[in-house]
Amino acid sequence: MKRLLVLLVLLSIFVFGLSAQSVTVDFKIVGHKVDFMKLQESVQSEINNGYTPLGITGYNDKLYFLYLSENVMPMTAWQLSRYDSLEEMDESIAGKITNGWFPAGYSELNGDFFILFLESPYKASYYMVKDSEIDSEKLGLQFEPFLRTGTIPMDLDILGDIQLYLSAQMANMPAADWKQESFDFESENLQSEIAAEMVGRYLPWGLDITEGVLRINFIKFK
């Protein structure tokens with residue numbers, strides 16, 4: 001039997017906009033055990049403290065969430081959905097988007113597939129998962145035409161030597177540039193190393209941790 005577990009948490013409506021790029025952007029990466037009741041409480045606690053989850057990745061039996069300060073991405077609710085297969089996931093996402101949700105995170109962990117959905121003033125018109133070889137120069141060339149049409153790489157997951165990208169075309173969220181950087185996840189200076197890549201109004205937007213290497217997408221919005 002197919003299994004689908006959805007966590008739904010309704011939140012207060014925020015009035016901040018993505019255009020508020022002059023303010024300081026705070027971020028953090030937090031690992032949560034995949035116990036859905038405890039995970040719900042942990043994620044909700046971060047949200048209550050002023051963060052929005054944007055990107056997930058499975059690593060060492062935990063789901064790691066990338067959080068940005070809420071002034072970057074306002075939201076009214078969130079869901080974490082778990083699927084048994086990519087086919088089951090595909091069947092679900094279109095309906096979620098139609099009902100006002102957009103996919104903000106994707107990961108595979110121990111054979112299960114997870115999608116983080118957000119409900120926000122920013123709406124997705126469609127989504128896609130794009131395969132790409134792990135080569136930063138090739139990645140930039142492959143995503144350049146998508147950025148021109150307003151398609152944003154929301155999150156990534158690595159399977160072997162292939163990256164799976166969860167992307168969405170978002171209304172009122174034009175992206176000017178995109179890059180991907182790699183970090184040692186165990187580095188004592190990880191926070192400052194990530195912050196250094198944010199110079200020039202780049203925002204961390206999706207992540208993956210594989211074999212101790214943290215990869216983060218950075219997006220510069222117009």
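General observations
- Single match in 34, 25 (criterion: modelled with pLDDT under 90, closer than 25 Å to residue 189 by Cβ and surrounded by fewer than 19 Cβ atoms within 10 Å (Cβ to Cβ)): 25
- Checked against the criterion of being crowded, with 21+ Cβ neighbours inside 10 Å, at pLDDT below 90 and either at positive phi or out of contact with any His (no Cβ under 6 Å at 6 or more places or on another chain) (or both), the candidates 1, 73 yield just one match: 73.
The values are calculated or read from the model by the stated rules, or taken from the named source; none is laboratory data. Bear in mind the structure is a predicted one, so any value in this text is a computation, not a measurement. Note: ideal-geometry Cβ built from the backbone for every residue, glycine included; neighbour counts use all protein chains shown.
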